[in-house]
Amino acid sequence: MAISVGAVLAIGVAIAVIRPHPSAPIRETNGGQETEHTAASEALEAADITKARISAFDAAKSSGLFGLTRPVRTIPNPGWTDEHVWSATADDWEPAIAADPNAPYVYALATRYTLPRRCHGCALPGIVLRVSADDGATWAPDRFLCRCPSITNGQYDPIIEVDGTGTVHAVWLQGYTPGVVYSKSTDHGHTWTDPVAMPIGWSDKPQLAVSADGQDVYVDMNGPSHGDSQVGVSHDGGTTFTLVRVTDNDRYNFAGGAWTSADGQHIAFAQTDYDQDYKGKIHSDVALSDDGGLTWRTVRVATGDRQPDCTSDGCSNGFYGPTPALAGDPGGNLVYVYAVNTEPYAPQRIYATTSADGGDTWAQATPLSPNGANGLFPAATSGGPGDFRVWWMDTRTGRWNVWFTRTTDGGATWSKAIRLSNVTSGAAYKGPRGFLEAYGDYGEMDVTETGQTIAIWGEGASYSGPGNVWIAREH
């Protein structure tokens, strides 16, 4: 069965049914009360954040400070279009993007905290989808990825991928229960399969890897009982999933990047793990499988100290905690991009390292961001053999900006960084030095079928917002 995502946000209507995996437990038994309390606590925190963002948006709008309220000025960013805002009228957070490797379609998602709601009685935020049929030059109107009226809690953490057949795959957090769900489209995003819930009691922060034929689907997420890394594994194109635990300890895990070989047998997920209170050492790891997700091993790439405090309105201790990015080329060579510091609260520097053996060993890391600036939120993709492209955010100017670099020799050398966030006015949070705050735990990038990079990220006034999603692409 397929579901229509509707036409335009204001008028489209669709029905979607959350279809749990038949073996999914209601609660994991490692202290049912503990895991239920964890999911409930996460849901309450998300609700508080949503209230703060709605309040910040309303205040900015009433004072005339939301949207592009001033003339837009730019600085050069050679080889790229000027960054442009996805929607100047909506408060959008934490975007994702994917390009079809064999056709001119590009798909983008964003987490929207402003009206309209995706269904009557549904909580904010909702995930909106935008589709381009010309490599990101122009876009069709926004529509909801899934109205999902049977589950009225908010939607978060979207990730999207396109396989070699043109099938589009998406995962997102449909509230903390049922948690992470998966859906796909075979008609360029017009209709989507009923979302399938991962067989887990609660879950958070998914990442997605898909084989070239779309049959092998891997979803990394954290879940019971302490934020352990667990992977949903499907070998039938996402119809059913089994769950494999990757870690079992007292540390909270976040996945930040994913890759799988064309045949779906070799998988890598970039991860970080933290103390439960985000106050201790931070490990940057990669989780690896060479048997189609049956067994997993974890390789430590780097260790840093406690992240700097985030002091913008509404920000929590963990927001500046690093989450790594990962990409692989057609030969299975990997790039891993991470942020690390050497003492508690110190600024974190962005590094890139590569692996020629599927992730078991890693080359000496190359610094990409300047020492002394706080660097975070990297994204990575590959454009072919030895071709890796990376963006990240750092504060070298005294404000946040997005910087891009590329290697065409497998990481031996990297190009001079280009500032992609080149709009210096227009929004209240923009200025000549950059923007006030990153707006989202991540952004993404991909390579179109013509070989051009397209990147997406969030910028805002503070953690509470308001903010917008911005896009730029290579000429």
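When we screen 330, 322 for residues that are closer than 28 Å to residue 48 by Cα, outside any strand (DSSP E or B) and modelled with pLDDT of 95 or more, the only hit is 322. Among the numbered conditions (1) touching a His at 6+ places or on another chain (Cβ under 7 Å); (2) in a loop (DSSP other than H, G, I, E, B), the only one that residue 415 does not meet is (1). Does residue 68 satisfy being out of contact with any His (no Cβ under 6 Å at 6 or more places or on another chain), buried (at least 16 other Cβ atoms within 10 Å of the Cβ) and within 28 Å of residue 257 (Cβ to Cβ)? No: the conditions fail for residue 68. Of 311, 240, 298, 247, all but one fail to be assigned to a strand (DSSP E or B) and either polar (S, T, N, Q) or surrounded by fewer than 22 Cβ atoms within 10 Å (Cβ to Cβ) (or both); the exception is 298.
Candidates 46, 60, 88: the one that is more than 13 Å from residue 427 (Cβ to Cβ) and either at pLDDT 95 or above or small (Gly, Ala, Ser) (or both) is 46.
Results for (1) open to solvent by 40 Å² or more (accessible area, probe 1.4 Å); (2) within 18 Å of residue 339 (Cβ to Cβ); (3) without any contact (Cβ under 8 Å) to a residue 24 or more places away in the chain; (4) outside any strand (DSSP E or B), shown as yes or no for each residue.
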site: 396; (1), (2), (3), (4): yes, yes, no, yes
site: 409; (1), (2), (3), (4): yes, no, yes, yes
site: 449; (1), (2), (3), (4): yes, no, no, yes
site: 464; (1), (2), (3), (4): no, no, no, yes
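Scanning the stretch 274-286 for residues that are open to solvent by less than 10 Å² (accessible area, probe 1.4 Å) and either of a type outside the set (A, V, I, L, M, F, W, C) or under 17 Å from residue 250 (Cα atoms) (or both) returns 274, 282, 284, 285.
Is there a residue in the stretch 465-474 that is in contact with a helix residue (DSSP H, G or I) (Cβ under 6 Å, 6 or more places away or on another chain) and modelled with pLDDT of 95 or more? Looking for residues that are in contact with a helix residue (DSSP H, G or I) (Cβ under 6 Å, 6 or more places away or on another chain) and modelled with pLDDT of 95 or more, one finds at least one in the stretch 465-474, hence yes.
Does residue 274 meet the test of being under 19 Å from the mean Cα position of the chain (by Cα), in contact (Cβ under 8 Å) with a residue 40 or more places away in the chain and within 30 Å of residue 40 (Cβ to Cβ)? Taking the combined requirement at face value, the residue satisfies it.
Of all the numbered requirements in (1) over 20 Å from the mean Cα position of the chain (by Cα); (2) buried (at least 24 other Cβ atoms within 10 Å of the Cβ), residue 226 misses one, and that requirement is (2).
Restricting the first member to the stretch 203-218 and to residues that are farther than 16 Å from residue 324 by Cβ and outside any strand (DSSP E or B), and the second to residues that are at pLDDT 95 or above and open to solvent by 10 Å² or more (accessible area, probe 1.4 Å), the beta-carbon pairs closer than 6 Å and six or more apart or on different chains are 211/260; 212/164; 212/262; 214/165; 214/167; 216/235. Filtering the stretch 418-447 to residues that are in a strand (DSSP E or B) and either over 25 Å from residue 159 (Cβ atoms) or of a type in the set (Asp, Glu) (or both) leaves 418, 419, 423, 430, 431, 434, 437, 444, 446. Evaluation of residue 455 against the conditions (1) among the aliphatic types (A, V, I, L, M); (2) open to solvent by less than 50 Å² (accessible area, probe 1.4 Å); (3) more than 25 Å from residue 365 (Cα to Cα) shows that the sole unmet condition is (3).
The values are calculated or read from the model by the stated rules, or taken from the named source; none is laboratory data. Owing to the predicted nature of the structure, the values given are computational and were not obtained by experimental measurement. A quick note on method: Cβ atoms are made from the backbone with ideal geometry, for glycine too, and the neighbour counts reach across all protein chains shown. In case anyone asks, the SASA skips ligands and DNA or RNA and just uses the protein heavy atoms, side chains included. Shrake-Rupley method; radii C 1.70, N 1.55, O 1.52, S 1.80 Å.
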